[in-house]
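What follows is one structure encoded as structure tokens, with my remarks underneath.
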Amino acid sequence: MSSLNPTLITFLFYIVAMIAIGLMAYRATANFSDYILGGRRLGSFVTALSAGASDMSGWLLMGLPGAIYLSGLSEMWIAIGLIIGAWLNWRLVAGRLRVHTEVQHNALTLPDYFSNRFNDQKKILRIASAFIILIFFAIYCASGMVAGARLFESMFDMSYSTALWISAIATISYVFIGGFLAVSWTDTIQAGLMIFALLLTPVVVVLSFADMNQITLALEAARPQATDVIGNLSFVAIISLLAWGLGYFGQPHILVRFMAADSVKSIPNARRIGMTWMILCLGGAVAAGFFGIAYFQQHPELAGAVTANPETVFMELTKILFNPWIAGIVLAAILAAVMSTLSCQLLVCSSTLTEDFYKSFLRKNATQTELVWIGRLMVLVIALLAIWMAGNPESKVLGLVAYAWAGFGAAFGPLIILSLFWRRMTLNGALAGMLIGAVVVILWKNMFSATGLYEIIPGFICSLIAIVVVSLMGKAPTEEITTRFDEGDRLYQDSK
């Protein structure tokens, strides 16, 4: 590997730039609230793009194009489900969560919000939600580590283990230094890189053909069913793909972006920016995988890596079609996608361990400086755990993400929605819904996966039913709880 490799130089410049942003954020971090929530001062533009970038991880440039390449347009039902779910999340949850978390004693984390919302004096809800976050985020972080390792492995012909450590260190460094502000500022830049790469690559692939008829012939030769949006999918399979959208309501790393907005008034503009960015990115990812089928049909001598692992289709197209300097920028977008989501996940885990365990149970009177440094230490702990879990080079990015996505969506989605809309909801209802949602996902994944039904569907439904039934069976919430809920609802309505 030459020291003058243009792609390597571009990559190194990108990583150094992200660390430099981390150092800038370090200087703007005065207390623990700044470190884990940015002091609730993100504008609509940063809120939108950081939410999008933290959502669209390595699966956007690896897992989704790979699925389209392998199966054709029938896999784009995932994208459709995600677009619907994201829009509903912005519309129903974002503004209300921003207000209610502040009314609920300025809650800084989701477990903090749940505990304050239901006056959880025994902290059972806080502990349960914190454990769920740590369990599923460990899996989610591992998926980010795998995606980053795959990128470095493919680009620089290094071993999987070496690639794993290099990509992990690149992300850990700026999260450790700068916290939430570093993550949000870098997410904004990374979102720009991602949309640039996803819009440019399919266009260049199409331009490499003489005309669209040549593309059509190549598609028919390679995958006759590639243009069929139904394909061999059953009704259950289509519903399962669409159900990815349900996951949005329970993703801590996305919800925390809503909590950090400077005001409710920023949310509508952020929604418009975020949804436009998301639709363009998903369209580009689908197009890259789809036209990649035709390209590698025309150039079978170049298809070895993609045949071995379809998730590398975007990377291989970029390396083949672009000048090395441009390829470095485009491929940095994959690193951006990995780093943006992984950094958010590391920070959410860190804040959970620090705020919901260390401060709540070990050091109630800890200073702000102490909490910031404990938060940094927890970033390292979670990162090492994720690296260990990602040690298997056979790990598939989309599979890992699907499991964690379902876990969060079922455990927290119904809880978040009903806690913001239903004043009659009780602590026992919240606890039952959270635990049942998580358990059903785990059991379904391990015992009933042969049904083909995505585990988020039974998990979400069972969680929703459990919350309603258990809440109605118990005593109504106290006046203190309902008064605080009504205040949040009133502030939200007044701010619209």
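The values are calculated or read from the model by the stated rules, or taken from the named source; none is laboratory data. Because the structure is predicted, anything quoted here is derived from the model rather than measured. Glycine gets a Cβ as well: all are built from the backbone with ideal geometry, and neighbour counts include every protein chain shown.
Which residues, counting only those in region 209-236, are modelled with pLDDT under 90 and touching a Leu at 6+ places or on another chain (Cβ under 8 Å)?
Answer for region 209-236, where residues must be modelled with pLDDT under 90 and touching a Leu at 6+ places or on another chain (Cβ under 8 Å): Ala226, Thr227, Asp228, Val229, Gly231, Leu233.
So which of Gly488, Gly452 ends up being on the phi > 0 side of the Ramachandran plot and modelled with pLDDT under 95? Can you show your working first?
Working: Gly488 fails: on the phi > 0 side of the Ramachandran plot.
None of the others qualify; the one that does is Gly452.
Tell me, which helices (runs of 4 or more DSSP H) wholly within region 81-167 include 3 or more residues that are at pLDDT below 85 and under 24 Å from the mean Cα position of the chain (by Cα)?
By residue number, 124-156.
Where in region 232-332 are there helices (runs of 4 or more DSSP H), lying fully within it, with 1 or more residues that are buried (at least 24 other Cβ atoms within 10 Å of the Cβ)?
On the way: elements: 235-242, 252-259, 267-298, 304-308, 313-321.
Hits in region 232-332: 252-259, 267-298, 313-321.
Within region 429-457, track down each residue that is farther than 20 Å from Ala128 by Cα, touching a residue at least 40 places away in the same chain (Cβ under 8 Å) and surrounded by fewer than 21 Cβ atoms within 10 Å (Cβ to Cβ).
Selection gives Lys445, Thr451, Gly452, Leu453.
Are any residues in region 414-465 among the aromatic types (Phe, Trp, Tyr) and not in a helix (DSSP H, G or I), and if so, which ones?
Trp422, Phe448, Tyr454
Quick test for you: out of Ala53, Ala30, Ala25, pick the one residue that is modelled with pLDDT under 75, over 19 Å from Ser343 (Cβ atoms) and small (Gly, Ala, Ser).
Ala30
For region 114-131, enumerate the residues that are crowded, with 24+ Cβ neighbours inside 10 Å and under 17 Å from Gly409 (Cβ atoms).
Answer for region 114-131, where residues must be crowded, with 24+ Cβ neighbours inside 10 Å and under 17 Å from Gly409 (Cβ atoms): Phe114, Ser129.
For residues that are among the aliphatic types (A, V, I, L, M), surrounded by fewer than 23 Cβ atoms within 10 Å (Cβ to Cβ) and modelled with pLDDT of 75 or more, tally how many sit in region 383-401. Let's see the steps before the verdict.
At the first step, the residues of region 383-401 found to be among the aliphatic types (A, V, I, L, M) are 383-387, 389-390, 397-398, 400-401.
The next check asks that each one be surrounded by fewer than 23 Cβ atoms within 10 Å (Cβ to Cβ); those that pass are 384-385, 387, 389, 398.
Now narrow it down to the ones that are modelled with pLDDT of 75 or more: 384-385, 387, 389.
Total satisfying the criteria: 4.
When the residues of region 463-496 are filtered to those that are of a type outside the set (Gly, Ala, Ser) and within 15 Å of Ile416 (Cα to Cα), which remaining residue is surrounded by the most Cβ atoms within 10 Å (Cβ to Cβ)?
Taking region 463-496 first, the residues of a type outside the set (Gly, Ala, Ser) are 464-465, 467-470, 472-473, 475, 477-487, 489-494, 496.
Pick out the ones that are also within 15 Å of Ile416 (Cα to Cα) and you get 464-465, 467-468, 485, 489.
On the way: Leu464: 19, Ile465: 14, Ile467: 27, Val468: 18, Phe485: 23, Asp489: 17.
Within region 463-496, the match that is surrounded by the most Cβ atoms within 10 Å (Cβ to Cβ) is Ile467.
Given the residues Ala308, Ala294, Ala288, Ala327, which is the only one that is touching a residue at least 60 places away in the same chain (Cβ under 8 Å), farther than 19 Å from Ile215 by Cβ and among the small types (Gly, Ala, Ser)?
Values: Ala308 fails: touching a residue at least 60 places away in the same chain (Cβ under 8 Å); Ala294 fails: farther than 19 Å from Ile215 by Cβ; Ala288 fails: farther than 19 Å from Ile215 by Cβ.
Every option except Ala327 fails the conditions.
Between Thr186, Thr171, which is more than 19 Å from Ile382 (Cα to Cα) and either at pLDDT 75 or above or surrounded by 21 or more Cβ atoms within 10 Å (Cβ to Cβ) (or both)?
Exactly one residue qualifies, and that residue is Thr186.
Could you look through region 406-428, keep only residues that are among the aromatic types (Phe, Trp, Tyr) and more than 16 Å from Ala130 (Cα to Cα), and pick out the one that is nearest to the chain's Cα centre (by Cα)?
Out of the qualifying residues, it is Phe421.
Hey, does region 57-72 have a residue that's at pLDDT below 75, assigned to a helix (DSSP H, G or I) and out of contact with any strand residue (DSSP E or B) (no Cβ under 8 Å at 6 or more places or on another chain)?
Yes, because at least one residue in region 57-72 is at pLDDT below 75, assigned to a helix (DSSP H, G or I) and out of contact with any strand residue (DSSP E or B) (no Cβ under 8 Å at 6 or more places or on another chain).
Taking the stated definitions as given, is Leu342 out of contact with any Leu (no Cβ under 7 Å at 6 or more places or on another chain) and modelled with pLDDT under 75? Give the steps one after another, and end with the answer.
Working: out of contact with any Leu (no Cβ under 7 Å at 6 or more places or on another chain): yes; modelled with pLDDT under 75: yes.
Criteria met by Leu342.
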